[in-house]
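Note sheet for the following structure.
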Amino acid sequence: MALHLPGQVTIIEVGPRDGLQNEKSFVPTEVKKQFILALREAGISEMELTSFVSPKWVPQMSDAAEIAAGCLEEVTRNIVLAPNKKGIERVYMTGFKAVAVFVGVSDSFNKKNINKATADSMAEVKPLIGELKDKGFFVRACISTAFYCPYEGKVTEDAAVSLCREFVLAGADELSVADTIGMASPDESYSLFSRLVTEFPEKMITAHFHDTRKLALANIFAALQAGITRFDTSAGGLGGCPFAPGAAGNAATEDVVYMLHRMGIRTGIDLEKIVNAVGIIEPHLSRPIESTYYRLNAVKV
């Protein structure tokens, strides 16, 4: 059987936002800026820079306004997470033109995360998406717990597809579909993404895998076979989720890019420069970098 291998894949770098949000030690704002700049220099064309959330719940993002003021430029799609009306009002005071909103498929996860059931969250977010689109914004919909929930276990494929459909009807430009706790298997990845590609052929569909059980690369390969050409990754494999106990970091950008390049798939990303970017952030982290490519190629001083 011939493999389905696209000629090119788009990597959406989520390290500065999703990667750092669960970091226990506050990373200095200037270091975050250097990290973002280094990632851009490596060829990243789409990136989550920060989030406008309550500093009480996610202290790492308390410098979001400073990041916005110092890191926006026109070449990269600069994405900011804004989970509610208050956050989106802050976005309007910046130069951001791409906003990520999120809702979990699982009610339990959603309640732990934003104190609302999934249906209530969608009722709140739909008019906000409409407002953003009227103002010319790119809207990225992040669908959490699309495979498994840390509180409810297995999430049905129908439920994940149904929530994606709601976002599409609301006007979202992109669906970022996440294996939030890293429990998906390659067959589950292939099945869900095959359905999404078939049902929403005109939408940007992005796969977002965490590497909790070391299956992220296998799941990405399965999603490639399903026709997905957009993947969220995090330099150094940074990440986790404050509301998903035990969830490990995201698929490491450098590991994913290495695999894709070995298969002849273009990404436009310079691996050596990604390693340099990880080297900037590593001294400020409270846990070690687990990315295989970084461990094998980082220059130790």
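The values are calculated or read from the model by the stated rules, or taken from the named source; none is laboratory data. None of these values were measured; they are calculated from a predicted model. For neighbour counting, all protein chains shown are included, and Cβ atoms are generated from backbone atoms with ideal geometry for every residue, glycine included.
G239 meets the conditions (1) under 15 Å from L20 (Cβ atoms); (2) in a helix (DSSP H, G or I) in every case but one. The failed one is (2).
Screening the range 37-57 for residues that are surrounded by fewer than 20 Cβ atoms within 10 Å (Cβ to Cβ) and hydrophobic (A, V, I, L, M, F, W, C) and picking the one that is modelled with the lowest pLDDT gives W57. Tallying residues that are over 15 Å from V9 (Cα atoms), of a type in the set (A, V, I, L, M) and assigned to a strand (DSSP E or B) within the range 176-229 yields 2. Once the range 1-36 is narrowed to residues that are part of a helix (DSSP H, G or I) and over 18 Å from the mean Cα position of the chain (by Cα), the residue that is surrounded by the fewest Cβ atoms within 10 Å (Cβ to Cβ) is E30.
Residue by residue, here is whether (1) crowded, with 24+ Cβ neighbours inside 10 Å; (2) not small (G, A, S) holds:
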{"residue": "G171", "(1), (2)": "no, no"}
{"residue": "V177", "(1), (2)": "yes, yes"}
{"residue": "T180", "(1), (2)": "yes, yes"}
{"residue": "A184", "(1), (2)": "yes, no"}
{"residue": "E188", "(1), (2)": "no, yes"}
{"residue": "M204", "(1), (2)": "no, yes"}
{"residue": "R213", "(1), (2)": "no, yes"}
{"residue": "A218", "(1), (2)": "no, no"}
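Output yes when any residue across the range 141-162 is surrounded by 16 or more Cβ atoms within 10 Å (Cβ to Cβ) and touching a Pro at 6+ places or on another chain (Cβ under 8 Å), and no when none is. Checked the range 141-162: at least one residue is surrounded by 16 or more Cβ atoms within 10 Å (Cβ to Cβ) and touching a Pro at 6+ places or on another chain (Cβ under 8 Å).
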